[in-house]
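Worksheet for the structure shown next.
None of the figures in this text is laboratory data; all of them are computed from the coordinates on show. Here the structure is a predicted model, which is why all the values come from computation and not from measurement. Reconstructed Cβ throughout: ideal geometry from the backbone, glycine too, with neighbour counts over all protein chains shown.
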Amino acid sequence: MIFQKIFIGALFLFAGYTGYSQENKLLTNTNKFLDLSGTIGKDQGTVAFSYVHNWRTGKKKKFELGIGARWTTYFGTKKDFVTAGPASLTRTFTIPFLIVFSGLQEENIDTLQVQRPLVNAINASFNMGYHFTPKLYGGINIDVIGFTFGQKSSAVLTSNGTTQTEPSSKPAGFNLLLTGDHDKGSLNSEFFIRYQVADRFSIKALYQFVFVEYKTENIVQIAPDGTEIDRFRNKANNIGLGIVYHLK
Amino acid sequence: MRQLFNLAIIFLLMASCSKDETSTAIIDDPRVTTGTVLAQGSFSGDMNHMVSGITKVIDDNGVKTVRFENFSSTNGPDLKVYLAKDANASSFINLGNLKSTSGNQNYPLTGMVNISEYKYILIWCQQFGVLFGSAQLK
């Protein structure tokens, strides 16, 4: 019995190895797929649908780089959105890219609690990944530019020791990746591991970092220098699952 | 596959929704027997929401309490008690969740609050930004 198990296990390993060899020979220069993912966090979640066109690179074509388009729907209940910028007021330094390592100017950070946020962000995305084995693939992706539409929601702004009702906050319309608090709008990004379960299907597990931005319409935060701020951002960390359909 | 997808969507939606209705059990917080009534008013609702009862702001040696007596309200999600400058809650102090839709209730008022500035007690559905009822303090 034990030998049977070993034999069957060896067969699988061998079959996998053979498959890898064949796959490497047959690998095309591009990899196109559709991706449907869902994530969940505390009182919030997302559903994202994307099309990705990757180019395979490297001697064994294990690396992939590409572009895509992604629709992300974010929904939540009573989520805190904090002052989204300008970066000169929220961060200790504002050098692009390095800004992600900067400290927070907490005295300028106020909170807009959006009661029922719901946004749909459609963005162009950058994608990259690596084939660890023929079936196991890991990578990252990030939204770069796009637009957002969604649901207006009442909100509560806590600013300078007062609490005010914003009857109609709305999603920021334009999205642009500029790093850190320079970013505009709603942007999705993922770290993921994907496993191919059938010829055309893979399943994936993902860790998501998503920015969602709302703007006030009737009231604003007044910064100490007099700047009126109407942009507030929720930074959400979620985990989730997805399914990928590989296009020929 | 489609069933699996539908189940996943339903799970995500259910997990993200919270049902937060106020208790309907009649409560009877102890009466504040000493102290001075700084202001009081009567609750009224609108065509869609029935709210009634009396509210008082009582100062007992510097400890301020907002008290509801014979209070009754239509139930709803996420009902809060606000001490506000106007009936639109444009600027307010959140006294917390409405304890119950009926009974005698006390809400402690902490910090320095100018009652002549905050003249309204509101029963406010925070999640949907809807006023259920209000009492003007006089």
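Give me the net charge for the shell around B:Leu137: Cβ to Cβ below 15 angstrom, other residues only, Lys and Arg +1, Asp and Glu -1.
Its environment carries a net charge of +2.
Using DSSP to call loops (not H, G, I, E or B), can you name the GluC sites (Glu not before Pro) in region A:190-248 whose Cβ has at most 15 other Cβ atoms within 10 angstrom?
Working: sites: A:Glu190, A:Glu213, A:Glu217, A:Glu228; in loops: A:Glu217.
Listed in order of number, the matching sites are A:Glu217.
Hey, with R₀ at 51 Å, roughly what FRET efficiency would A:Trp71 and A:Ile222 work out to, going by the Cβ-Cβ distance, to 0.05?
Once the sixth-power term is evaluated, E becomes 0.90.
Using a/c under 1.5 as the rounded threshold, could you call region A:56-109 rounded, prolate or oblate? The axes a ≥ b ≥ c are square roots of the C-alpha gyration tensor eigenvalues, and prolate needs a/b larger than b/c, oblate otherwise.
oblate
With θ set to phi - 60° and the Karplus curve 6.51 cos²θ - 1.76 cosθ + 1.60, what are the ³J(HN,Hα) couplings of region B:32-47 in order, to the nearest whole Hz, using x for Gly and Pro?
7, 7, 10, x, 10, 7, 7, 6, 8, x, 10, 6, 9, x, 10, 5
Would you mind pulling out the separation of the Cα centroids of region B:68-123 and region A:104-160, in Å?
35
Between A:Trp55 and A:Ile142, 0.36 nm times their residue separation minus their Cα-Cα distance comes to what? Can you show the working numbers first?
Working: separation 87, 0.36 × 87 = 31.32 nm, distance 1.64 nm.
Full extension from A:Trp55 to A:Ile142 adds 29.7 nm.
Can you list the lysines whose alpha carbon sits under 19 Å from that of B:Lys99, skipping same-chain ones fewer than 8 residues off?
Leaving aside lysines fewer than 8 places away in the same chain, those within reach of B:Lys99 are B:Lys19, B:Lys56, B:Lys64, B:Lys80.
What do you get for chymotrypsin sites (Phe, Trp or Tyr not before Pro) in region A:98-165 restricted to DSSP loop and a cutoff of at most 14 other Cβ within 10 Å of the site's Cβ?
A:Phe132
Cross-link candidates for A:Lys184: which aspartates and glutamates have Cα within less than 12 Å, leaving aside residues fewer than 8 places away along the same chain?
A:Asp143, A:Glu213
Per-residue mean of other chain beta-carbon atoms within 10 angstrom of the beta-carbon, peptide A:115-128?
Averaged over the peptide's residues, the number is 1.
Sort out for me the Cα centre separation of region A:46-65 from region A:192-248, rounded to whole Å.
Region A:46-65 and region A:192-248 have Cα centres separated by 19 Å.
Using the Cβ atoms and a cut-off under 13 Å, what net charge is assigned to the surroundings of A:Val220, where Lys and Arg are +1 and Asp and Glu are -1?
-3
Going by the alpha-carbon gyration tensor, a ≥ b ≥ c the square roots of its eigenvalues, is chain B rounded (a/c under 1.5) or, if a/c is not under 1.5, prolate (a/b greater than b/c) versus oblate?
The shape class here is prolate.
Over chain A, calculate the relative contact order: mean separation of alpha carbon pairs under 8 Å at least 6 apart, over the residue count, as a percent.
19
Hey, rough spin-label estimate for B:Asn70 and B:Ser23, points 7 angstrom out along Cα→Cβ, what's it come to in nanometres?
Reported label-point gap for B:Asn70 and B:Ser23 is 2.4 nm.
Using Cα-Cα distances under 8 Å and only pairs 6 or more residues apart, what relative contact order does region A:43-146 have, in percent?
30
Counting other Cβ atoms within 10 Å, which chymotrypsin sites (Phe, Trp or Tyr not before Pro) in region A:53-93 have at most 13 and lie in a DSSP loop?
Here the sparse-neighbourhood loop sites are A:Phe93.
Considering every residue in A:161-167, what mean count of other chain Cβ atoms within 10 Å of its Cβ is obtained?
5
Determine the shape class of region A:122-248: with a ≥ b ≥ c the square roots of the Cα gyration tensor eigenvalues, call it rounded for a/c under 1.5, and otherwise prolate if a/b is greater than b/c, oblate otherwise.
Verdict is prolate for region A:122-248.
Using a Cα-Cα cut-off of under 15 Å, which aspartates and glutamates could be cross-linked to A:Lys248, ignoring same-chain neighbours fewer than 8 residues away?
Candidates past the 8-residue exclusion: A:Glu23, A:Asp35, A:Asp199.
Across 5 Å bins from the origin, how do the percents of Cα pairs in region A:73-140 run, short distances first?
Taking all Cα pairs of region A:73-140, the binned fractions are 4, 13, 12, 12, 14, 21, 12, 7, 5, 1, 0 percent.
Seen from all sides and averaged, what is the projected area of the convex hull of the Cα atoms in chain A, in nm²?
On the way: hull surface 65.0 nm².
For the Cα atoms of chain A, the hull's average projected area reads 16.2 nm².
Which pairs in the list A:Lys78/B:Lys85; A:Lys32/A:Lys152; A:Lys204/A:Lys235; A:Lys135/A:Lys235 are over 29 Å apart, alpha-carbon to alpha-carbon?
Working: A:Lys78/B:Lys85 23 Å; A:Lys32/A:Lys152 35 Å; A:Lys204/A:Lys235 22 Å; A:Lys135/A:Lys235 32 Å.
Over 29 Å apart, Cα to Cα: A:Lys32/A:Lys152; A:Lys135/A:Lys235.
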